[in-house]
Structure formats: C-alpha cells, structure tokens
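Structure first, commentary second.
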Number of protein chains: 2
Amino acid sequence: MKVCLIGSGNLATQLGIALFKKGHEIVQVWSRTAGNAMDLAVQLNCQYTNEISLINTDSDIYIISVADKAIEQVLSGHFCGNKLVVHTSGSTPMELLSPYCENFGVFYPFQTFSKSKKVDFGTIPICLEANTPQNLEILKDLAQSISKNIQLINSDQRQQIHLAAVFACNFVNHFYSIGEGLLREKGIGFDILKPLIVETAAKIVDHLPKSVQTGPAIRNDKEIIDKHLDFLGNHPDLQILYQQISDRIIQTIN
Amino acid sequence: MKVCLIGSGNLATQLGIALFKKGHEIVQVWSRTAGNAMDLAVQLNCQYTNEISLINTDSDIYIISVADKAIEQVLSGHFCGNKLVVHTSGSTPMELLSPYCENFGVFYPFQTFSKSKKVDFGTIPICLEANTPQNLEILKDLAQSISKNIQLINSDQRQQIHLAAVFACNFVNHFYSIGEGLLREKGIGFDILKPLIVETAAKIVDHLPKSVQTGPAIRNDKEIIDKHLDFLGNHPDLQILYQQISDRIIQTIN
C-alpha cells in the first residue's frame, strides 16, 4: 500500500520501518519538526514535509501517529478526501476522526516503543477498529503484513487496554527504577537485579500473575514487611507505597 | 559436597535440584512437614526427616532454607558441630547464625522461585558472605558449580537487595495482576498484555529504566492522566496509586 506517515515519534518510526521492510511504499513523512521528519524519511526512502498543507493527497492510507491532542490539529489539513485515515492512539476514540474523514479507523500496535530499540513486530498485538467492514478488511491486510497477532478491539476496550498498560508497563518500569535507586544507595550495580526482572516477566507468559505472586506480602510476613518499612525511613514516599501495595497483596490471600 | 537441605520450599526445591544435577550428594532433606520433605527427597534420591533431632550430623554443609523466623528454631537442633552452616535468606543478617555455629555464612540465590517452574541457575546471581575467608572459598566453590554469577555481598547490602526486589519483582507482579483485572472487566484476555510485559523487562537489560520510561506521566500528558483517573472511578484505591506513581514519574522529568 501507499502509506503516508503523519508523525515521527517512537511508534511512527518503528511502524514505518516495519511497513517499509515488508514492501509497502512510504510516500511521505510529516512531522511538525522538519529535522525529525527528514531523519525518518531518510530511513524510509521517501519525501518529507513539516507543513500540514503540503501533506500529499494520493496515498492509500494516512497513519496519524502524533500526540493525542495534536490529532485534530493535523486533520484540519483536509488532506484525506475519501482516503482511509487511521490513528495509532490507545486513548483516543475512533469517532474523533468522524467529522474529518469518510473512511477511518484505528491501527494500534500495542507495545512500548523507543526510537533506538529495534522491535520485532511479528508478535505485537495490533488492535484494529474501522468505521466499515470494508475498511476493517483493508486494515487487517495491512496489519497481517507485519504481525501474526491481529485483535479486533473497540474504542472502549482499547482505552482500558491502554490503562492496563500504564500499570503493567509504565509503572512497572518506574518500579525497576526504584529498585535501581535503592541498590545505588548501597553501592550495588543494577545488573544484579536483571535476571530477577526478566524471570518475573517470563513467569506470566504461562501463569496468571496472581498464581505466581511471591514476596513477604503474599506470605503475610509482618516481620519482614516491618523491617522493610524501617529500612525505608529516609524515603517516606516509598514507605507509603510499600505499605499500600503490600496491603493490596495481603488482601488477595485466600 | 555432602549437602543437608533444611527446608523444602520453593528455593530449597530449586536449589536442591540444581546441586543434585551438578553431582553434589544430597544427604538428607528436613522439613517441618514430612510429606513435603519426602516429595523433595524423592527428587534428590536421599533420606528425609521432619524431626530436628534427627537431622544428620555428617554433612559437609547445612543449607537452611526456611522462613526467616524459623531459622533460629531449626538451629536449636545443634546438629552442626563445627560443620559449615548457611542460610539462604535475603533479610536475615549472617550474624544470626553466630551463637549456634563455628563456621557459617550466607548463600543467597537472588531469583524468584516457584516449586513448579524450572529455573536455569547458570545466570542467577548467588550472593555470598562467610565468617572466615576459608568458609567463603568453600561457598564460592559450591556456588560456582551451579552459577557463573557469584557476588560477594555483606548483610547490609543483601537486605537492601531484597528490599529492591520487593519493588522490582513482587510489586511488579502485583501490577501485572492489576492489569489483568482491568482487562478482565472489559472481557479482554490477559494474553494481549504479554508481549508488552516481556518487552518492558527486556528493555532494561541494556538500558537504565529511567532512560526508557514511557507513558503519559513521563510526557506529563495531563489529558490522558485525567482520563485514566476518570476511568478508575470504580477503583478509588487504584486511582490513588495511579496518581501517586504518576506524580513520582513526573518529578523525574528533567
């Protein structure tokens, strides 16, 4: 397909590369920042622009992958005519596109992306939604060209998926960071924690997380919990978090 | 070495199996519960007992792998004479063993263990501490027979490592559980979250967590944060957690 990529952030970059590698023609990259648009366009062997008015009008699909609040601003460019337009946002209902487009949908690859870290798209769930069955078929074809994991997900579900990801990915990463900081205080490198972090994630591939919960809270081991709260004396904010989450885990016993 | 295994929990089970496979002779398993001792003894081709007074006295090393509060109770059995005794606890200072033993130390494999999930010990950090250089050498030899990742860690550091693990492993797993519950509310299976969870953990193998933080909080995206807080209206406890952790992440910006 002839793809116009609107955005040049982490997701746009990785998605553009995946589509390009599978033989899709990337016609153009738009980004508010010309330098970012150019950097990605070089990788995708295509044109670029930072003017909304110069977005080309002859692509088969327009993939809008910008910050949620910038989606409508971009759409005001009226480039799409009757062409298919999708956004890639977890938290934006599909209907936001309705006033601007005849044919529209959502193409949400559910993964955490960094510009610099290569990602294997093959197993990433791609959550699709479209305003007509015909458009859904087009999105399925496009998605299946880069992933085996296609999911039909409505806007209500997609927003919940995004919320779940904030806990299970974004907050989890912050907790890795808390661990790293605690180790650093005692002169211990972060490396020692890595096998544990990787194993903790690997466990849930075959088990429900609740069934493999370990640690002092799930044993209701008040002695260790109190000891840890004591160690956290210099971190009253972490003390509160430790207590709250331990209480939550204790409540799941039985 | 001739090993006596005192305990039959998750760690004792996996450690016993790893030592047995590497050719060490497991002489005996003790557990408070005869059935548990027997189950493990069958796997390790050895004797078992649930009587502290019947713990054998001719092993080279006694590995005490029981709940922290049961360690001293077990030691009251006076089985060790001048033999080497270690515990495997993250949160118990080595000196706890001092009144009971001449030769003692700590052998702390730093990983999350379940009885049913096989673990590759080869890369697990084993944190060692001993009361004499000679005993440390013995522990190093034993540890190196099952892992390449040997760490010399004192009691103060080990307790901090355990605390860091509660955040980066136990609490993380609980957050997977929160994600699973949120998905379930909307009829979505947990599978969709798994690639994201595995990738989030994989990222920190080569990056400091802080440098790969993603999500609405690190972008200070108040619109999405407010939307998520709104979605969590039926979960006031999760609302509070979401706000607290988002605030912490926002504070790390710049």
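The values are calculated or read from the model by the stated rules, or taken from the named source; none is laboratory data. All values derive from a computational prediction rather than experimental measurement. Backbone-built Cβ (ideal geometry, glycine too); neighbour counts: all protein chains shown.
Filter the range B:243-254 down to the residues that are more than 7 Å from chain A (Cβ to nearest Cβ) and either among the hydroxyl-bearing types (Ser, Thr, Tyr) or in a helix (DSSP H, G or I) (or both), then identify the one that is surrounded by the most Cβ atoms within 10 Å (Cβ to Cβ). Give the derivation first.
Taking the range B:243-254 as the starting set, the residues that turn out to be more than 7 Å from chain A (Cβ to nearest Cβ) are B:243, B:246-247, B:250-254.
Filter once more, keeping what is either among the hydroxyl-bearing types (Ser, Thr, Tyr) or in a helix (DSSP H, G or I) (or both): B:243, B:246-247, B:250-252.
On the way: B:GLN243: 15, B:SER246: 25, B:ASP247: 12, B:ILE250: 16, B:GLN251: 10, B:THR252: 12.
Across the range B:243-254, the extreme among qualifying residues is B:SER246.
Looking at (1) within 16 Å of B:LEU15 (Cα to Cα); (2) modelled with pLDDT of 95 or more, can you tell me which one B:PHE104 breaks?
Going through (1) within 16 Å of B:LEU15 (Cα to Cα); (2) modelled with pLDDT of 95 or more one by one, B:PHE104 breaks only (1).
Taking the range A:118-135 on its own, how many of its residues are more than 9 Å from chain B (Cβ to nearest Cβ), modelled with pLDDT under 95 and in contact with a helix residue (DSSP H, G or I) (Cβ under 6 Å, 6 or more places away or on another chain)?
Total meeting the criteria: 1.
Here is a check on your reading of the model: is A:LEU142 surrounded by fewer than 20 Cβ atoms within 10 Å (Cβ to Cβ) and more than 7 Å from every other protein chain (Cβ to nearest Cβ)? Even if it seems obvious, please write down each step before you answer.
Values: surrounded by fewer than 20 Cβ atoms within 10 Å (Cβ to Cβ): no; more than 7 Å from every other protein chain (Cβ to nearest Cβ): yes.
Answer is no for this residue.
Return the residues of the range B:178-233 that are facing another protein chain (nearest Cβ under 7 Å), among the basic types (Lys, Arg) and either over 26 Å from B:THR252 (Cα atoms) or not in a helix (DSSP H, G or I) (or both); say none if nothing qualifies.
B:LYS186, B:LYS194
Could you please let me know if A:ILE240 is at the interface with another protein chain (Cβ under 8 Å from one of its Cβ atoms) and not charged (D, E, K, R)?
Numbers: at the interface with another protein chain (Cβ under 8 Å from one of its Cβ atoms): yes; not charged (D, E, K, R): yes.
Criteria met by A:ILE240.
What is the one condition in (1) closer than 30 Å to A:PHE20 by Cα; (2) within 7 Å of chain B (Cβ to nearest Cβ) that A:SER155 does not satisfy?
The one condition A:SER155 does not meet is (2).
Can you confirm whether the range B:181-196 contains a residue that is under 24 Å from A:VAL66 (Cβ atoms) and either surrounded by fewer than 19 Cβ atoms within 10 Å (Cβ to Cβ) or touching a Cys at 6+ places or on another chain (Cβ under 6 Å) (or both)?
yes
Here are B:GLN73, B:GLN28: which of them is crowded, with 20+ Cβ neighbours inside 10 Å and not acidic (Asp, Glu)?
Values: B:GLN73 fails: crowded, with 20+ Cβ neighbours inside 10 Å.
That would be B:GLN28, the only listed residue that is crowded, with 20+ Cβ neighbours inside 10 Å and not acidic (Asp, Glu).
Check the range A:3-24 and report whether any residue there is in a strand (DSSP E or B), under 26 Å from A:PHE110 (Cα atoms) and charged (D, E, K, R). Talk me through it step by step, then tell me what you get.
Pass one, the range A:3-24, residues in a strand (DSSP E or B): A:3-6.
Keeping just the survivors that are under 26 Å from A:PHE110 (Cα atoms) gives A:3-6.
From what is left, the residues that are charged (D, E, K, R) are none.
There is no residue in the range A:3-24 that is in a strand (DSSP E or B), under 26 Å from A:PHE110 (Cα atoms) and charged (D, E, K, R).
Pairs needed: first member in the range A:35-49, within 13 Å of A:GLU25 (Cα to Cα); second member anywhere, assigned to a helix (DSSP H, G or I) and aliphatic (A, V, I, L, M); C-beta distance under 8 Å; at least 6 residues apart or different chains.
A:GLN43/A:ILE17; A:LEU44/A:ILE17; A:GLN47/A:ALA41
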